[in-house]
Amino acid sequence: MRLSNKQTQGLLFIAPHFLGLVAIYILPFIVSIWMSLQVSSLRFRGFSLDNYLNVIRNNAFQMALKNNLIFMIIGIAVMMGFTCILSYWLWELKASHWIVLAFVLPICIPSASVIGFFRGIINIGNLNLLNTNYAMALVIIIYIWKHAGYTILIFMNGLGQIPNEIIESAQIEGATRWQIFKYVTYPELKPAASFGLIVSVINSYKVYKEIYLLEGRYPNNNIYMLQNYLNNKAVKFDVTELAAASNLMMAAILLIIGIIHMAYVLRKKREV
Amino acid sequence: MQKRSNVDNLLLKGIRFLAFLFVLPIIYTFVGSFMDPHQLSQGEFKWTAELPSLTQYFSLVIFKAEYMRFFLNSTFIAISIIMLHMIFATLTGYGFAMYQFRGKKVIFIIYTLLLMMPFQVTFVPNLLVFQKVEKFFSIQIFDTHLALILPGVYSVFGVYLMAQYIQRIPMEIVEAARVEGANELRIFWSVILPCLKPALFSLLFLTFVDYWNLIEQAVLYLTSTEKQPLSVFLESIYYQDHSIFYAGAVLYTLPSIYIFIKCERYLREGIFDGGQR
């Protein structure tokens, strides 16, 4: 295999990081698939799908999965809607950049330093609000507070990309604000919205930080999520079931990515 | 500039109030740090402290200096990861953006897929590797900071950011340098690097934010208390040593705010394009 000089240089540039990536993420990931199919993690005794079945049948796993899905679907929907509307008005009303910064600031405030405040709100008298049925709503609020800044920046950036001529010509034609939003702004924002969606999904897993700091390893059943399940399993260091569980998660994510990608490719083909 | 209508003014007031709500937790923590510790241990939080005092800070810095150890832990972890990750990310992003080589497409797809994977998926391979390496090479990894630093340094996000950004640098500059006879490394150092300032600041900010607030990894890999970073330890002070909690929280937050002030301009100016161009 002969590589040109240019090609070797390119490979050299990416080699330090890529080799580390292979060593720490990719190779062990293949090993984890192997291990998740093992009967025992100590001695090779044969293959089986038992690990996967045990994980799926496990009550804690099912609860964690259900909570995670509820949180993601509702939380991300609220997040996208809220930040889209907020960014639009921040842009329209030409709010000063200090106000925008106020919304962005929470993303860098470390979780541990604000738990004083959150504990103040959550513990009313003898009642711990995170132990009630409103726990999920509270967690969603914390999630939006902490991560709205990312999507707001993305949306405002997207709004800034819309050429002024289009908006001005629409205004001259006498379009109302709502019409402009519906026919001009909204379609132009779609790339920003999809990027914001990806970022929000990635951030939705980070809500574990606040839940752990506030409630510890075993929070109330309403907010016990996948990270809790995996962490608690990892403490025992029995990797076969752990590997199975995390591989399930990965398979689910890949499936969703695959479906979205297929939908995107099919739509492109139809447009051509 | 037209006068704003009444509805607009009302909306703006509403937005200003919302912005205030967003910074409220931070204001609360700051105010709390100036309260007298005795008042705090009684469990009451008064908004206007009767005796605004710096006692908390004194107690923390002078009498409880051992807590500084955890601050140093956090600092060590964050700085190690930031420095190494930025170097690797820039080099790798440069390689992706400027060169074509065999297998590049496959490798890039691997990077993209890994970007989508949350911590819950990526930590299991890390765990496995650490177990094997500990057994075969007898280096201790669990319960050291290495277990936190390695996955962070080799994470994918920075590579992606730099690659996207470098791709948008106009090639004429590079071609001009090549005509002048500069070799590849020289081009990288003197031509590309200065253009990257916004991307570097944004990457600095995002990496810092991720690892100053490290919790999942610390909970998983660190068992001895003295190695824990402040992100996890601060929580245990809330009940143990409530009288200095708020001062500790403020000191913990200050580096974040400092980096935020330094870098927010670059964030707003457009690293969040998301591939629109």
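The values are calculated or read from the model by the stated rules, or taken from the named source; none is laboratory data. Every value quoted in this text rests on a predicted model; they were computed, and no experiment measured them. In this analysis, Cβ positions are derived from the backbone assuming ideal geometry, glycine residues included, and neighbour counts consider all displayed protein chains.
Which of the numbered conditions does residue B:232 fail, given that it passes all the others? Conditions: (1) surrounded by fewer than 22 Cβ atoms within 10 Å (Cβ to Cβ); (2) free of Cβ contacts under 8 Å to residues at least 24 places away in the same chain.
Of everything listed in (1) surrounded by fewer than 22 Cβ atoms within 10 Å (Cβ to Cβ); (2) free of Cβ contacts under 8 Å to residues at least 24 places away in the same chain, residue B:232 misses just condition (1).
What number of residues in the range B:239-264 are at pLDDT 80 or above and within 24 Å of residue B:217 (Cα to Cα)?
13
Please indicate, with yes or no, whether at least one residue in the range A:140-161 is under 26 Å from residue A:224 (Cα atoms) and of a type in the set (Gly, Ala, Ser).
Applying the first criterion (under 26 Å from residue A:224 (Cα atoms)) to the range A:140-161 yields A:140-151.
Remaining after also requiring of a type in the set (Gly, Ala, Ser): A:148-149.
Yes, some residue in the range A:140-161 is under 26 Å from residue A:224 (Cα atoms) and of a type in the set (Gly, Ala, Ser).
If you take the residues in the range A:226-265 that are at pLDDT below 70 and out of contact with any helix residue (DSSP H, G or I) (no Cβ under 8 Å at 6 or more places or on another chain), which one is nearest to the other protein chains (Cβ to nearest Cβ)?
Checked the range A:226-265; the qualifying residue nearest to the other protein chains (Cβ to nearest Cβ) is A:235.
If I filter the range B:179-192 down to residues being hydrophobic (A, V, I, L, M, F, W, C) and without any contact (Cβ under 8 Å) to a residue 60 or more places away in the chain, which single residue comes out as farthest from residue A:13 (Cα to Cα)? Quick ask: steps written out before the conclusion?
Here is the first cut: in the range B:179-192, the residues hydrophobic (A, V, I, L, M, F, W, C) are B:179, B:182, B:185, B:187-189, B:191-192.
Still in the list and also without any contact (Cβ under 8 Å) to a residue 60 or more places away in the chain: B:179, B:182, B:185, B:187, B:189, B:191.
Working: B:179: 21, B:182: 17, B:185: 10, B:187: 13, B:189: 13, B:191: 16 Å.
Looking at the filtered set, the residue picked out is B:179.
Taking the range B:135-185 only, how many residues are loosely packed, with under 13 Cβ neighbours inside 10 Å and hydrophobic (A, V, I, L, M, F, W, C)?
So the count comes out to 7.
Please pick out the residue among B:58, B:17, B:88 that is modelled with pLDDT of 90 or more and either more than 13 Å from chain A (Cβ to nearest Cβ) or farther than 22 Å from residue A:106 by Cα (or both). It would help to see each step written out before you state the result.
Working: B:58 fails: modelled with pLDDT of 90 or more; B:17 fails: either more than 13 Å from chain A (Cβ to nearest Cβ) or farther than 22 Å from residue A:106 by Cα (or both).
After applying the criteria, what remains is B:88.
What about residue A:202, is it in contact (Cβ under 8 Å) with a residue 12 or more places away in the chain and among the β-branched types (Val, Ile, Thr)? If you could, list the steps in order and put the result at the bottom.
Values: in contact (Cβ under 8 Å) with a residue 12 or more places away in the chain: no; among the β-branched types (Val, Ile, Thr): yes.
Spelling it out, it is not the case that residue A:202 is in contact (Cβ under 8 Å) with a residue 12 or more places away in the chain and among the β-branched types (Val, Ile, Thr).
Within the bounds of the range A:153-175, is there any residue that is touching a Lys or Arg at 6+ places or on another chain (Cβ under 7 Å) and either under 30 Å from residue B:232 (Cβ atoms) or assigned to a helix (DSSP H, G or I) (or both)? Before the answer, list the steps.
Filtering the range A:153-175 for residues touching a Lys or Arg at 6+ places or on another chain (Cβ under 7 Å) gives A:153.
Next, only the ones that are either under 30 Å from residue B:232 (Cβ atoms) or assigned to a helix (DSSP H, G or I) (or both) stay: A:153.
Taking every residue of the range A:153-175 in turn, at least one turns out to be touching a Lys or Arg at 6+ places or on another chain (Cβ under 7 Å) and either under 30 Å from residue B:232 (Cβ atoms) or assigned to a helix (DSSP H, G or I) (or both).
If we only count helices (runs of 4 or more DSSP H) wholly inside the range B:150-253, which ones have 1 or more residues that are away from every other protein chain (no Cβ under 11 Å)?
Working: elements: B:157-167, B:171-179, B:184-187, B:197-212, B:216-221, B:230-240.
Per the criteria, B:157-167, B:171-179, B:184-187, B:197-212, B:230-240.
Please specify each residue of the range B:63-80 satisfying the condition of being within 17 Å of residue B:200 (Cβ to Cβ) and either touching a His at 6+ places or on another chain (Cβ under 9 Å) or within 13 Å of chain A (Cβ to nearest Cβ) (or both). Walk me through how you get there before you give the answer.
Here is the first cut: in the range B:63-80, the ones within 17 Å of residue B:200 (Cβ to Cβ) are B:78-79.
Hit for the range B:63-80 is B:78, nothing else.
Name the residue that is nearest to the other protein chains (Cβ to nearest Cβ), counting only residues in the range B:124-149 that are closer than 25 Å to residue B:213 by Cβ and part of a loop (DSSP other than H, G, I, E, B).
Pass one, the range B:124-149, residues closer than 25 Å to residue B:213 by Cβ: B:124-127, B:129-130, B:141-149.
Imposing the further condition that a residue be part of a loop (DSSP other than H, G, I, E, B) reduces the set to B:141-145.
Values: B:141: 11, B:142: 9, B:143: 13, B:144: 15, B:145: 15 Å.
Per the criteria, the residue is B:142.
For residues in the range A:120-157 being at pLDDT 85 or above and at the interface with another protein chain (Cβ under 7 Å from one of its Cβ atoms), which is surrounded by the most Cβ atoms within 10 Å (Cβ to Cβ)? Step through it out loud before you land on a result.
Just the residues of the range A:120-157 that are at pLDDT 85 or above, to begin with: A:136-157.
Filter once more, keeping what is at the interface with another protein chain (Cβ under 7 Å from one of its Cβ atoms): A:145, A:153-154, A:157.
Details: A:145: 20, A:153: 25, A:154: 28, A:157: 22.
Result: A:154.
Quick test for you: out of A:260, A:202, A:256, A:223, pick the one residue that is assigned to a loop (DSSP other than H, G, I, E, B), within 24 Å of the chain's Cα centre (by Cα) and among the aliphatic types (A, V, I, L, M).
Values: A:260 fails: assigned to a loop (DSSP other than H, G, I, E, B); A:202 fails: assigned to a loop (DSSP other than H, G, I, E, B); A:256 fails: assigned to a loop (DSSP other than H, G, I, E, B).
When all the criteria are applied, what remains is A:223.
To keep it simple, each residue is scored yes or no on (1) over 20 Å from residue A:142 (Cβ atoms); (2) free of Cβ contacts under 8 Å to residues at least 24 places away in the same chain.
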position	(1), (2)
A:171	yes, yes
A:174	yes, yes
A:185	yes, no
A:195	yes, no
A:221	no, no
A:231	no, yes
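(1) modelled with pLDDT of 90 or more; (2) more than 26 Å from residue B:229 (Cβ to Cβ); (3) at the interface with chain B (Cβ under 7 Å from one of its Cβ atoms): which one isn't true of residue A:109, the others all being true?
Every condition holds for residue A:109 apart from (2).
Does residue B:95 qualify as being within 11 Å of chain A (Cβ to nearest Cβ), surrounded by 17 or more Cβ atoms within 10 Å (Cβ to Cβ) and either charged (D, E, K, R) or within 27 Å of residue A:234 (Cβ to Cβ) (or both)?
Numbers: within 11 Å of chain A (Cβ to nearest Cβ): yes; surrounded by 17 or more Cβ atoms within 10 Å (Cβ to Cβ): yes; either charged (D, E, K, R) or within 27 Å of residue A:234 (Cβ to Cβ) (or both): no.
The answer is no for residue B:95.
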